[in-house]
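The values are calculated or read from the model by the stated rules, or taken from the named source; none is laboratory data. Quick caveat, the model's predicted, so the values are computed rather than measured. Ideal geometry is used to build each Cβ from the backbone, glycine not excepted, and the neighbour counts take in all protein chains shown. What goes into the accessible areas is simple: the full protein's heavy atoms, side chains included, and nothing from ligands, DNA or RNA. Shrake-Rupley method; radii C 1.70, N 1.55, O 1.52, S 1.80 Å.
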Amino acid sequence: MSSVDNIPNLLRDKYPEEVQAIFAKYPIKRSAVMPLLYLAQREAGYITKESMAEIATLLELDTTEVAAIVGFYSMYHDEKAGKYRIQVCTDISCALRGADKFLEHLCQNIGIKVGETTPDGLVTIEEVKCLAGCDKAPMFQLQDGDQVSYHENMTVDKTMELVEALKKANLEVKE
Amino acid sequence: MTHILFRHRDIPDIKNIAVYQQHAGFAALKKAVTSLQPKQIVDEVKASGLRGRGGAGFPTGVKWSFLPDTIWPHYVVCNADESEPGTFKDREIMESNPYQFLEGVAIACFAVGASEGYIYLRGEFYPIARHLDACIAEMEKAGYLGDNLFGTQVSIRIKTHLGAGAYICGEETALLESIEGKRGQPRLRPPFPAVVGLYGKPTVINNVETLSNLPYIVEHGAAGYRQFGSEKSPGTKIFSLSGNVNKPGNYELPLGTTFRELIFTHGGGISDGHSLRAIMPAGASSSIIRVDEETFDKVMDTPMDYENVQNVGSLLGSASVIVIDDTHTMDWVINKTIEFFKHESCGKCTPCRDGNYWMLQLTERIHAGHASAGDVKLLDSVAAQMYGKCLCALGDFSTMAVRTAIERFPEDFEKKVKA
Ligand SMILES: Cc1cc2nc3c(=O)[nH]c(=O)nc-3n(C[C@H](O)[C@H](O)[C@H](O)COP(=O)(O)O)c2cc1C
Ligand code: FES
């Protein structure tokens, strides 16, 4: 069995049209790496070794080159964490408007520290740099696979309501 | 004043293509493609005095004229990375007035003979990218993008590309590397992107706000554009106001508007009855302006344009005005900015990578009150040694706040160090 046969065809099998559209967008193959990585992250919530290998094969790159790109960009994750990542900005403008306190109180309420995940695997809290929402602090982005949404002018109460809503939505999906 | 860029504030539904069309939408693109030569547009933009809104203020028309007409294809790349702490203007343009922005990208493509334009958005702008994709599809359907525009031979296509969380990708050559599927690390210059840019071809890179000015300039001419702003800094500018003010937000005002008008008239003054202590007019990369009883009027009456902000010891940059009140000290401020730069240094140049590591150690120690006066001197000297030694400006940017904080707010550091 050649090594190529070991490479999974997950992205190509599951998202054939999207993979094709991504390739059509650029004059060279390699440019497809970032959108393909997002696709892989949508699939598993993080970028697995298998999908890195698949992307490397698709682009005729070394897996280590793909891994280096994953490591360079902070929105790509190579480890499993919560389904949702609450990424609170504590950069200068937000910090001037109380973002550090907000993050501290949020952690206390959810019962985990920055970088940790709730025991049900739903939410990870992270601290991030400026998100271009500086006038609406406290604010955070919610990352879910390849998707991102902004939540601005937040309070701890509003955030707890959001977490509850996410919990409910996930239970319904599972049932 | 009516808005040139933030027209959605006058016409709320302008993000619908039909509403945009009703308000002269795409008239400039049509005029350009059907009745003007590319060179005429380059000349008009030169005459308008439009300067790049991404930070450096370089004259846009001049930049375009550097593209050699012996090497093809040409590319237009729009910088929508918007990652400088304190900057949130491009986001509002793209979210609320997307067609004017896209029309601007298309006009730039026509002016430099590019049939393809890429918009590089920071990864966090995922919903905005999807929204722009939908707008691009609408424009293709209506014949404003694609082949044979307005019955001519001209083809223009626009594509979005998402980054994935890296401030350095706002630096234009790192951005090109990123589109090419590599790690976002700056390139050695020369050659400049105008000659060897995206995929090795001549490339124009402009900021979102810069390009969004183009429909107005093509429609009203250089003279029309020059009604606003000053001789050397014409036009309006979006000021992103954040920090300790009552009404933070974006304000589109003529270049040359004073700090006083922005902070006190529009921003409603300093929050919670505190007083103004410092201003960072160009985000985290700023030299910090000290405001005290002695300097208050001089700073407040300074016109915010590319020349005058230098008179109070700083730069306009991307006009991300961060306001700091008297409950904050500069040891805390620079600890925050260095946390940012340490995190964002791409690691390619040793002075920036190692310098930011050491500056973080030192600013943390100073802020925590564990440092000596010698540590403050050491911090200043690390910053001084980094300056001018890196491939791109990130290394320099990281030193600006540090050095000016130590020089202009000595009392904050004297209070912090151990005797
Ligand atoms: C570290 C660094 C980050 C930058 N970030 C941005 C950015 O987020 N957006 C932007 O338009 N320009 C940014 N720039 C400036 C760009 O390199 C480039 O000068 C600009 O996009 C040119 O467009 P303009 O002439 O229209 O201003 C950055 C520069 C550096 C050195
Ligand atoms: S500083 Fe938090 S979004 Fe800009």
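For the peptide A:84-91, the mean number of other protein chain Cβ atoms found within 10 angstrom of a residue's Cβ is 2. Considering only B:Tyr225, B:Ala174, B:Thr236, and ranking their Cα positions along the charge dipole of region B:169-273 that arises from unit charges at the beta-carbon of Lys, Arg, Asp and Glu, the one farthest toward the positive end is B:Ala174. Taking a point 7 Å from the Cα of B:Glu407 along the Cα-to-Cβ direction, the residues of region B:256-290 with backbone N closer than 20 Å to it are B:277-290. Peptides B:185-193, B:394-402, ordered by how many other C-beta atoms sit within 10 Å of their residues on average, highest first, read B:394-402, B:185-193.
Were the residues from B:Glu140 through B:His3 laid out at 0.36 nm apart, the gain over their Cα-Cα distance would be 46.6 nm. Here the Karplus relation 6.51 cos²θ - 1.76 cosθ + 1.60, evaluated at θ = phi - 60°, turns the backbone of region B:18-30 into coupling constants of 5, 5, 4, 4, 4, 9, 6, x, 6, 5, 5, 4, 5 Hz, with x for every Gly and Pro. Projecting the Cα atoms of B:Ala134, A:Leu39, A:Ala165 onto the charge dipole of the protein assembly as shown, computed from C-beta unit charges around the Cα centre, puts B:Ala134 farthest toward the positive end. Summary value for chain B: 16 percent relative contact order, contacts being C-alpha pairs under 8 angstrom separated by 6+ residues. Please identify which residues in region A:90-114 have an amide N closer than 18 Å to a label point set 7 Å out from the Cα of A:Met160, following the Cα→Cβ vector. Backbone N within reach: A:101-114. For chain B, the longest principal axis of the Cα atoms and the long axis of helix B:214-225 meet at an angle of about 80 degrees. For A:Val114, the shell of other residues with beta-carbons less than 10 Å away shows a net charge of -3, using +1 for Lys and Arg and -1 for Asp and Glu.
Between 0 and 90 degrees, the angle of helix B:330-344 with respect to the longest Cα principal axis of chain B falls at about 50 degrees. Amide H to amide H, with H built 1.01 Å from N, B:Ser275 comes under 5 Å of B:Asp326, counting only residues 5 or more places away or on other chains.
Dipole magnitude for region B:70-136: about 100 debye, using +1 per Lys or Arg Cβ and -1 per Asp or Glu Cβ, origin at the Cα centre. Pairs exceeding a 25 Å alpha-carbon distance, out of A:Lys129/B:Lys46; A:Lys25/A:Lys80; A:Lys129/B:Lys247; B:Lys30/B:Lys63; A:Lys158/B:Lys247; A:Lys83/B:Lys336: A:Lys129/B:Lys46; A:Lys25/A:Lys80; A:Lys83/B:Lys336.
If you take the Cα centroid of region B:138-216 and the Cα centroid of region A:43-86, the two points sit 25 Å apart.
DSSP assigns beta bridges within region A:48-175; of those with both partners inside it, close to 60 percent run antiparallel.
Shielding of peptide B:83-91 by partners, expressed as the average count of other chain Cβ atoms within 10 Å per residue Cβ, is 5. For the protein assembly as shown, the antiparallel share of DSSP beta bridges with both residues in that region comes to about 45%.
Net length available on complete extension from B:Ala393 to B:Ile11 is 133.7 nm, with 0.36 nm assigned per residue and the Cα-Cα distance removed.
A helix-only calculation puts chain B at -12000 deg cm²/dmol for mean residue ellipticity at 222 nm, using -39500 (n - 2.57) for each DSSP H run of at least four residues, averaged over all residues.
Using C-alpha pairs below 8 Å separated by at least 6 residues, the relative contact order for chain A is 20 percent. When peptides A:119-130, B:6-17 are sorted by average Cβ neighbour count within 10 Å, with the highest value leading, the order is A:119-130, B:6-17. Per-residue Karplus couplings for region B:107-113, computed as 6.51 cos²θ - 1.76 cosθ + 1.60 with θ equal to phi - 60°, are listed in order as 5, 4, 4, 4, 5, 9, x Hz, Gly and Pro entered as x.
Which residues in region B:128-169 place their backbone N less than 17 Å from a point set 7 Å from the Cα of B:His23 along the Cα-to-Cβ direction? It comes to no residues whatsoever. Across peptide B:153-165, the average count of Cβ atoms from other chains found within 10 Å of a residue's Cβ is 3. When DSSP beta bridges are restricted to pairs lying wholly in chain B, around 40% turn out antiparallel.
Helix A:99-110 axis versus longest C-alpha principal axis of chain A: approximately 80°, rounded to the nearest ten. Straight distance only, please: which lysines reach the Cα of B:Lys31 with their own Cα at less than 17 Å, same-chain residues fewer than 8 apart left out? Leaving aside lysines fewer than 8 places away in the same chain, those within reach of B:Lys31 are B:Lys39. The charge dipole of the protein assembly as shown, taken about its Cα centre with unit charges on the Cβ of Lys, Arg, Asp and Glu (plus for the first two, minus for the last two), comes to roughly 940 debye. Averaged per residue, the protein assembly as shown has 40 square angstrom of accessible surface, using a 1.4 angstrom probe with ligands and nucleic acids left out. Working note: Karplus 6.51/-1.76/1.60 with θ = phi - 60° gives region B:304-311 the couplings 8, 9, 5, 9, 6, 5, 4, 5 Hz, where Gly and Pro are set to x.
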